[in-house]
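The values are calculated or read from the model by the stated rules, or taken from the named source; none is laboratory data. All values derive from a computational prediction rather than experimental measurement. Every residue, glycine among them, receives a Cβ derived from its backbone with ideal geometry; neighbour counts consider all protein chains shown.
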Amino acid sequence: MSGSAATRWFPELAGYGLAGHTDFPRDVVAEARLAEEIGLGSLFLSERFNVKDAGVMAGAVAGVTERIGIATAATNHVTRHPLVTATMAATAHRMSGGRYALGLGRGFDVLFDLMGLPRITGAQMQDAIGIYRRLWRGEAVMGHDGPAGSYPYLNQDSSFDERIPVLMMAIGDRSLELAGRVADGVVLHTFLTDEALARMVRVVRGSAERAGRDPASVRVWSVLATVEESIPEEVRLRKLVGRLATYLQGYGQVLVRANGWDPAVLERFRTDPFVTGYGGAFDAIGTTEDLQQLADRLLPAEWLAASATGSAAQCAARVQAQLDAGADSVVLHGATPTELAPVLDAWAQVRPDGLDALPANPGWML
């Protein structure tokens with residue numbers, strides 16, 4: 001598929017709205033319009049506890065677009081009462097004309113401890129998803145007592161028959177297996193090698209098959225850090241070096257284990273005085289000099305290479321490599337729609353046939 005930016009459509013590709021940190025959430029309105037204009041199939045909306053509320057952003061995007069898919073990626077089921085989350089999703093679903101997918105993740109234990117919320121388990125997530133789906137089918141949930149909590153009576157509308165997909169963010173094997181059993185789609189992690197991506201796809205599909213589901217019915221999104229060469233060097237460093245370093249600060253062992261990387265390298269990174277004495281997340285406050293030091297001394301080039309960099313054509317080739325490794329779709333991570341425009345131009349020239357059959361809703365495969 002080629003054509004002008006005004007008519008082309010790539011349902012297999014997505015970007016992030018308000019990628020990273022922001023002080024101006026209204027920017028998502030212009031980003032959503034441009035994302036739709038250049039042909040991105042979906043816009044993923046990550047939630048932060050500042051000015052990035054999932055429901056507000058989804059409503060804003062739904063209100064200013066007509067065809068682009070919308071995904072919450074991700075919120076956590078413990079941060080809202082299940083009736084509130086179900087209502088948020090049902091509202092976004094109807095407001096968008098069926099383009100919305102609810103994305104859930106496990107989050108961070110330390111953060112939940114500080115917030116006074118229970119740590120998330122797979123059993124809780126499965127139970128919560130079951131509650132949402134019952135409510136969306138118009139059922140009343142009565143006398144529920146399960147891993148997600150005890151609820152005497154929950155009800156939305158008995159006339160409901162809402163078909164709202166649930167995405168799960170996953171990286172560890174147990175989360176991948178859970179996604180294969182119960183989710184409509186799975187969103188993987190940034191900075192995965194092609195080998196790790198292929199293995200994770202096998203885990204998801206194998207779990208789906210064991211659960212009696214059609215393995216091909218679970219839509220698998222890879223998440224590819226995308227930094228095309230026209231982006232200024234200081235911004236490139238923040239999007240690649242800063243982002244990877246921040247992941248390693250927070251849950252590096254999970255990412256290193258997933259990729260089969262050397263844990264000794266992670267240990268050197270984490271115990272380096274420059275890192276231990278740093279006053280925050282590298283992708284938020286790191287200077288160009290700080291990030292360059294990380295790249296020169298502490299982060300192996302092959303770790304950073306699990307991304308899409310270089311020319312627009314090289315980035316497009318990396319997208320194809322993600323599909324070749326088994327992903328159904330690719331989230332171009334960490335870049336604004338403006339920054340992704342040349343990559344989509346290059347992708348239009350090499351895009352294989354058959355991808356137009358993907359649904360616009362990022363949570364559905366068929």
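Okay, here's what the table says:
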| quantity | calculated |
| --- | --- |
| Test: residue in the range 338-350 that is without any contact (Cβ under 8 Å) to a residue 12 or more places away in the chain and part of a helix (DSSP H, G or I) | no |
| Lone qualifier among ASP23, ASP53, ASP27, ASP127 - being of a type outside the set (S, T, N, Q), at pLDDT 95 or above and surrounded by fewer than 16 Cβ atoms within 10 Å (Cβ to Cβ) | ASP27 |
| Lone unmet requirement of (1) in contact with a strand residue (DSSP E or B) (Cβ under 9 Å, 6 or more places away or on another chain); (2) in contact (Cβ under 8 Å) with a residue 24 or more places away in the chain; (3) among the hydrophobic types (A, V, I, L, M, F, W, C); (4) outside the structural domain of PRO165 (by TED's automatic domain parsing) for TRP261 | (1) |
| Test: residue in the range 179-192 that is over 19 Å from LEU358 (Cβ atoms), under 15 Å from the mean Cα position of the chain (by Cα), crowded, with 23+ Cβ neighbours inside 10 Å and assigned by TED's automatic domain parsing to the domain that holds THR75 | yes |
| Check on GLU229, out of contact with any Gly (no Cβ under 7 Å at 6 or more places or on another chain) and of a type in the set (D, E, K, R) | no |
| Test set (1) under 30 Å from ASP23 (Cβ atoms); (2) surrounded by fewer than 19 Cβ atoms within 10 Å (Cβ to Cβ); (3) assigned by TED's automatic domain parsing to the domain that holds GLY39 - GLN320 fails condition number | (1) |
| Residue under evaluation VAL254, criteria (1) in the same structural domain as LEU43 (by TED's automatic domain parsing); (2) in contact (Cβ under 8 Å) with a residue 60 or more places away in the chain, criterion not met | (1) |
| Number of the exception - GLY15 against (1) touching a Gly at 6+ places or on another chain (Cβ under 8 Å); (2) in a strand (DSSP E or B) | (1) |
| Residue satisfying all of: in the range 215-251; of a type in the set (Val, Ile, Thr) and assigned to a helix (DSSP H, G or I); farthest from ARG106 (Cα to Cα) among these | VAL235 |
| The range 73-85 - residue that is farther than 16 Å from ALA183 by Cβ and of a type outside the set (Lys, Arg) and, of those, surrounded by the most Cβ atoms within 10 Å (Cβ to Cβ) | PRO82 |
| Extreme residue, surrounded by the most Cβ atoms within 10 Å (Cβ to Cβ), among residues of the range 98-124 that are in contact (Cβ under 8 Å) with a residue 12 or more places away in the chain and at positive phi | GLY107 |
| Sole exception among (1) outside any loop (DSSP other than H, G, I, E, B); (2) surrounded by fewer than 19 Cβ atoms within 10 Å (Cβ to Cβ); (3) aromatic (Phe, Trp, Tyr) for PHE269, by number | (2) |
| Of the criteria (1) under 19 Å from LEU291 (Cα atoms); (2) of a type in the set (Gly, Ala, Ser); (3) surrounded by 20 or more Cβ atoms within 10 Å (Cβ to Cβ), which one GLY250 fails | (3) |
| Identity of the residue in the range 289-310, under 24 Å from the mean Cα position of the chain (by Cα) and not hydrophobic (A, V, I, L, M, F, W, C), that ends up surrounded by the most Cβ atoms within 10 Å (Cβ to Cβ) | SER307 |
| Flag if ARG219 is modelled with pLDDT of 95 or more, within 12 Å of GLY326 (Cα to Cα) and touching a Gly at 6+ places or on another chain (Cβ under 7 Å) | yes |
| Number of the condition not met by TYR153 [criteria: (1) surrounded by 13 or more Cβ atoms within 10 Å (Cβ to Cβ); (2) over 22 Å from ALA71 (Cβ atoms)] | (1) |
| Test: residue in the range 177-190 that is in a loop (DSSP other than H, G, I, E, B) and under 19 Å from VAL84 (Cβ atoms) | no |
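This table checks each residue for (1) over 28 Å from VAL330 (Cβ atoms); (2) assigned to a helix (DSSP H, G or I).
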site	(1), (2)
ARG67	no, no
ALA86	yes, yes
ALA89	no, yes
PHE112	yes, yes
ARG119	yes, no
ASP127	yes, yes
ILE131	yes, yes
